[in-house]
Amino acid sequence: NRSISAPALVKMGQELLNPPNVKGWEGGAAWINSVTLMERMNFLNDIMLRSPVKVQGRDHLLLQRLKNRNLKAPDEVVAYLSRGIIQDALSEAQRLQLEAYFTDALKQVSASGESVDYKLRRLAYMIMTLPAYQLA
């Protein structure tokens, strides 16, 4: 029944409660194509970058977690997020690029007016756009 499905899931090729057959959805890359991949990126963009910075006066959940764990250095933040999002499936080059991005992002926070929260959500978004996340 299409009326009970989340529209975003339908666009991503995994309509809730309506698998392609009784076996269900194939794993791995079987359901990923150029259309569904773009829909996944758009969905991630909506939930990670367009969501409100504060919910009921509190920091975004990611920022709360980092504060609770006292993680501040870019390498600590990248390690924490990559463990939670893609089970540490970063190459050395990817890790260095993400650390460099977050280092620069933190320097730009006061100049650009963007918050640490936004930069952190952007970092998480970048990790979620990696191939390792698509196959997780």
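The values are calculated or read from the model by the stated rules, or taken from the named source; none is laboratory data. Values in this document were obtained by computation on a predicted structure and should not be read as measured data. Cβ sites come from the backbone with ideal geometry, for glycine too, and all protein chains shown count toward neighbours. What goes into the accessible areas is simple: the full protein's heavy atoms, side chains included, and nothing from ligands, DNA or RNA. Shrake-Rupley method; radii C 1.70, N 1.55, O 1.52, S 1.80 Å.
A few remarks follow.
Residues checked against (1) at pLDDT below 90; (2) over 30 Å from Ser34 (Cβ atoms):
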| site | (1), (2) |
| --- | --- |
| Ala79 | no, yes |
| Ser82 | no, no |
| Ser91 | no, no |
| Asp104 | no, yes |
| Lys107 | yes, yes |
| Asp117 | yes, yes |
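- Residue satisfying condition, being modelled with pLDDT of 85 or more and in a helix (DSSP H, G or I), within set Leu66, Leu62, Leu44: Leu66
- Scanning region 28-36 turns up one or more residues that are in contact with a helix residue (DSSP H, G or I) (Cβ under 7 Å, 6 or more places away or on another chain), over 14 Å from Ser115 (Cβ atoms) and modelled with pLDDT under 85.
- The number of residues in region 1-50 being open to solvent by 50 Å² or more (accessible area, probe 1.4 Å) and within 16 Å of Tyr125 (Cβ to Cβ) comes to 8.
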